[in-house]
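The structure appears right after this line, and notes come after that.
The numbers here are math on the coordinates, done by the rules we state, and not lab data. Quick caveat, the model's predicted, so the values are computed rather than measured. Backbone-built Cβ (ideal geometry, glycine too); neighbour counts: all protein chains shown.
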Amino acid sequence: MRHDLVLRVVAKLLLPFILLFALYVQFHGDFGPGGGFQAGVILAAAVIFHALIFGLADARRVVPEPLVESLMAIGVLIYAGVGVAGLLLGGNFLDYFVLDPNPVHGQHRGIFWVEVGVATTVSGVMLKIFYLFADRGNVDE
């Protein structure tokens, strides 16, 4: 598929919209269905789509494996950091209302950062699984 001009052009046109949709799902998750998990899967699907069209080696240049492994850890640290911040500010683990003098803003801030942590971890895990399975076969041909 790497040499099919139509697929390459369509992929280059679609990828920015896929990434934009992932951001929409991430930021709209506070107000409706969606959020971190769905946004993380969509982000990973964009990279997997890139790998299927342009080859695994090119996808690994765009999102290298050390970055993927770092994303998994950073996402967990963001999630846990929100919980520890709640403890340090006098609440319970993942009590969001203590994150701001206004409890409503604290809830919004806490949910936002937890969802960012979830999206980061999920996209990293999905890409790591894809890279592990892609190593077993030959996606480049």
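Observations on the structure shown:
- Fully extended contour minus Cα-Cα distance, from LEU19 to GLU69, at 0.36 nm per residue: 16.0 nm
- The convex hull built on the alpha-carbon positions of the range 55-141 has an orientation-averaged projected area of 6.2 nm².
- Applying a length cut-off of 30 Å (Cα extent along the axis) and a mean Kyte-Doolittle floor of 1.0 to the DSSP H helices of the chain leaves 5-28, 65-88.
- Here, the range 1-131 has an Rg and a Dmax of 17.3, 59 Å when only alpha carbons are counted.
- With R₀ set to 35 Å, the beta-carbon distance separating VAL10 from ALA80 gives a calculated FRET efficiency near 0.30.
- Within the range 65-82, backbone nitrogen closer than 13 Å to the virtual label 7 Å beyond the Cα of LEU89 toward Cβ: 81-82
- Note on the chain: helix-only mean residue ellipticity at 222 nm, from DSSP H runs of 4+ residues weighted -39500 (n - 2.57) and normalised by residue number, equals -26500 deg cm²/dmol.
- The packing ranking, built from the mean of other Cβ atoms within 10 Å per residue, places the peptides 63-72, 123-132, 100-109 in the order 123-132, 63-72, 100-109, highest first.
- In this label model, VAL104 and HIS28 are separated by 2.3 nm, measuring between points 7 Å along each Cα→Cβ vector.
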